[in-house]
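Computed from the coordinates by the stated procedures, all read-outs in this text should not be read as laboratory data. Small disclaimer: the values here were computed from a predicted structure and weren't measured. Don't worry about glycine lacking a Cβ; one is built from the backbone with ideal geometry, like all the others, and counts go over all protein chains shown.
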């Protein structure tokens with residue numbers, strides 16, 4: 001990309017505002033609209049500190065001038081990327097050519113039905129299907145998203161739940177990307193919809209065993225699931241009975257049914273504490289009962305087996321332990337230890353089957369599966385073939401089975417569905433998702449190394465590259481980071497990623513503190529007053545990769561989305577000279593303004609993650625790393641920022657304001673682009689082909705800047 005010819009134009013954007021652009025080979029017209037910075041800026045005075053925000057006005061979503069500004073930014077991005085359109089098409093068709101467009105998932109047996117989904121060539125969305133009795137039976141389509149999504153720019157399914165007798169389907173839809181869903185009920189025998197529609201629902205729903213009663217959550221103005229209602233088919237939803245109201249604004253609400261189908265469970269919790277209610281699924285009109293009242297900094301989660309509840313808790317157990325208690329008297333005083341706490345192993349979740357308890361653990365940064373045969377208390381672990389890998393569960397809704405289904409992958413191994421026989425300890429490969437075009441995993445190499453953080457902590461880095469790499473600093477490298485909420489960003493295969501690997505680029509993941517890769521301690525050391533560790537860990541990983549000559553600063557690309565965007569924003573403020581390109585997707589960068597506004601979705605819920613800026617010590621610590629607040633007059637890398645106008649998790653204005661402030665203050669002549677999706681939310685493009693085009697756009701930006709093979 002030509003970096004120097006448009007410098008004056010950047011200055012014009014920063015000083016005057018933007019409206020329309022026409023470019024063939026060069027820019028020929030610019031007509032300013034208004035100053036990007038408000039004449040009368042927004043001013044906050046808190047804890048004796050004065051914060052001046054020149055771009056606060058960009059929060060006015062319905063202001064025509066804001067929409068004009070965003071459209072102008074998009075036009076500018078389109079103009080500067082126009083010379084890469086052929087490259088974008090090449091990348092798109094490369095990625096598309098590796099995908100089996102007409103494909104189906106591995107059917108999951110539930111009672112006498114086999115459920116699966118499939119895709120068809122040239123259709124954006126999945127089709128949900130089933131067969132009765134055997135896989136040779138006639139297919140029944142229970143929901144075709146492509147039909148529902150006709151004439152819609154965005155379409156997303158929230159919940160999809162079949163009744164216990166398999167005759168009814170609850171599903172919910174979002175058509176703007178706001179993650180606010182409308183729930184409907186379909187008769188699978190007749191294909192007709194029930195009259196009732198329930199708007200503003202959340203992500204959870206649970207059927208009672210009578211096949212006519214179900215429970216659902218509604219979300220409040222901050223998108224928090226806060227109330228639980230009971231609905232009976234054929235009745236007016238406006239008359240539904242309120243079952244539970246979560247009054248604490250820092251707590252969310254979720255409803256489910258146990259795998260055993262005996263109990264309905266209400267989970268309500270914050271980032272640091274929780275409580276659970278239960279109800280016999282055969283008696284849905286009765287009241288839910290509390291297992292144990294919430295305690296500060298104590299979490300617990302419940303699963304049912306036979307006449308017992310197994311309880312996963314972190315009370316006096318940072319990495320969690322498992323307790324067991326009778327369903328007759330499940331109060332905490334009756335809990336007995338079943339699996340003790342271990343300093344080196346974190347228990348992430350538990351899963352009760354009729355004969356076995358499956359325990360999902362994490363040791364030395366890798367996820368493991370422990371299986372306990374309850375009858376004789378015999379334990380074994382599932383073995384995995386590669387030193388660096390990942391798995392996640394898929395299906396497993398049957399209670400009385402000895403099969404455990406999981407998806408296995410690594411940086412070089414495509415997604416592979418296995419049925420693991422917990423009795424014989426053998427596995428059957430049910431499907432490995434094809435990578436068309438002759439992908440050969442033996443041509444690629446994955447590794448895990450460790451960088452040393454500023455405080456001496458060893459931080460894992462997983463990476464993959466095409467064999468033949470010269471370790472002389474000449475290779476481009478894309479380093480991804482997240483590091484929040486205790487979420488582990490484990491290695492996984494992506495056929496799309498081959499488009500940069502085959503152009504000589506290394507792909508790496510920095511497993512930085514704030515995530516959960518190395519146990520609960522890893523999370524605690526990257527949140528609240530330890531949050532700076534997340535950013536210094538990421539920088540340490542970048543420096544280590546440069547020092548070990550995997551790459552160099554002029555070949556290093558960094559990328560992160562959502563909370564990972566905060567990592568990118570902080571890193572380029574702290575050490576901009578280390579990076580050539582930065583890509584921030586839906587970035588959470590306006591930390592202070594967001595966390596000071598309790599009306600914004602997730603704000604109050606996340607005081608335990610970032611801190612409560614209404615408290616003085618929290619405020620100054622958070623401000624010390626907030627990307628938007630720490631933009632300064634210095635050189636920055638080439639930057640691509642993406643966002644969605646209807647994003648409810650990270651508001652669109654964070655990206656817009658950050659872009660404007662960077663334009664005004666940065667002293668370099670590097671490229672800065674904002675790509676605002678005017679139709680989507682936090683999840684990005686909903687259609688699979690649109691999603692590929694978004695990836696092609698980002699890869700084209702990177703390839704063009706670095707001068708890689710096109």
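Across the chain, Cα pairs under 8 Å and at least six residues apart give a relative contact order of 11 percent. Here the simple spin-label model places points 7 Å from the Cα toward Cβ, and for residue 136 and residue 306 these points are separated by 3.9 nm.
Oblate is the label for region 217-262, because a/c, from the alpha-carbon gyration tensor with a ≥ b ≥ c as root eigenvalues, is 1.5 or above and a/b does not exceed b/c. For region 152-298, relative contact order (Cα pairs under 8 Å, six or more residues apart, normalised by length) works out to 14 percent. Here each label is just a point 7 Å from Cα along the line to Cβ, and for residue 340 and residue 447 those points are 4.0 nm apart. When you count the other C-beta atoms within 10 angstrom of each residue and take the mean per peptide, 549-555, 657-663 line up highest first as 657-663, 549-555. Peptides 258-270, 513-525, ordered by how many other C-beta atoms sit within 10 Å of their residues on average, highest first, read 513-525, 258-270. Against the empirical 2.2 N^0.38 Å (N residues), region 152-298 has a Cα radius of gyration ratio of 1.04.
Working note: Debye formula, equal point scatterers on the alpha-carbon atoms of region 398-544, no solvent; log10 I(q)/I(0) at q = 0.18 Å⁻¹ is -1.05. When each of 701, 384, 579 is scored by the number of other beta-carbon atoms lying within 10 Å, the sequence from fewest to most is 384, 579, 701. In the chain, the longest principal axis of the Cα atoms and the axis of helix 532-547 are about 60 degrees apart. Mean projection of the Cα convex hull over all viewing directions, computed for region 137-182: 4.0 nm². Approximating the spin labels as points 7 Å out from Cα along Cα→Cβ, the residue 235-to-residue 212 distance works out to 1.0 nm. You can think of it this way: the chain between residue 364 and residue 349 has 3.7 nm of extra reach, that is 0.36 nm per residue less the Cα-Cα gap.
If you plug the beta carbon distance of residue 285 and residue 469 into 1/(1 + (r/R0)^6) with R0 = 41 Å, you get a FRET efficiency near 0.05. If you take the square roots of the eigenvalues of the alpha-carbon gyration tensor of region 389-463 and sort them as a ≥ b ≥ c, do you get rounded (a/c under 1.5), prolate (a/b over b/c) or oblate? Here region 389-463 falls in the oblate category. Computed on the chain, the Cα convex hull volume stands at 165 Å³ per residue. Helix 652-665 and the longest principal axis of the C-alpha atoms of the chain enclose an angle of approximately 20°.
Determine the distance separating the Cα centre of region 534-548 from the Cα centre of region 419-435; give it in Å without decimals. Using only Cα atoms, the two centres lie 38 Å from each other.
Taking the helices alone, the chain has a mean residue ellipticity at 222 nm of -5500 deg cm²/dmol, built from -39,500 (n - 2.57) per DSSP H run of at least 4 residues and averaged over all its residues.
Taking a point 7 Å from the Cα of residue 38 along the Cα-to-Cβ direction, the residues of region 59-89 with backbone N closer than 17 Å to it are 59-70.
Relative to the current alpha-carbon distance between residue 332 and residue 75, full extension at 0.36 nm per residue lengthens the span by 86.5 nm. Restricting the calculation to Cα atoms, every distinct pair contributes to the Kirkwood radius of region 477-552, found to be 13.1 Å.
Scaled against the 2.2 N^0.38 Å expected of a compact globular protein of N residues, the Cα radius of gyration of region 568-678 reads 1.06. Using 0.36 nm per residue and subtracting the Cα-Cα separation, the extra length available between residue 502 and residue 120 on full extension is 134.8 nm. Here the residues 159, 43, ranked from fewest to most Cβ neighbours within 10 Å of their Cβ, fall in the order 43, 159. Looking at the calculated P(r) for region 39-81, what percent of the C-alpha pair distances fall above 14 Å? Percent of Cα pairs beyond 14 Å in region 39-81: 62. Using C-alpha pairs under 8 Å with a sequence gap of at least 6, the mean separation divided by the residue count of region 514-636 gives a relative contact order of 23 percent.
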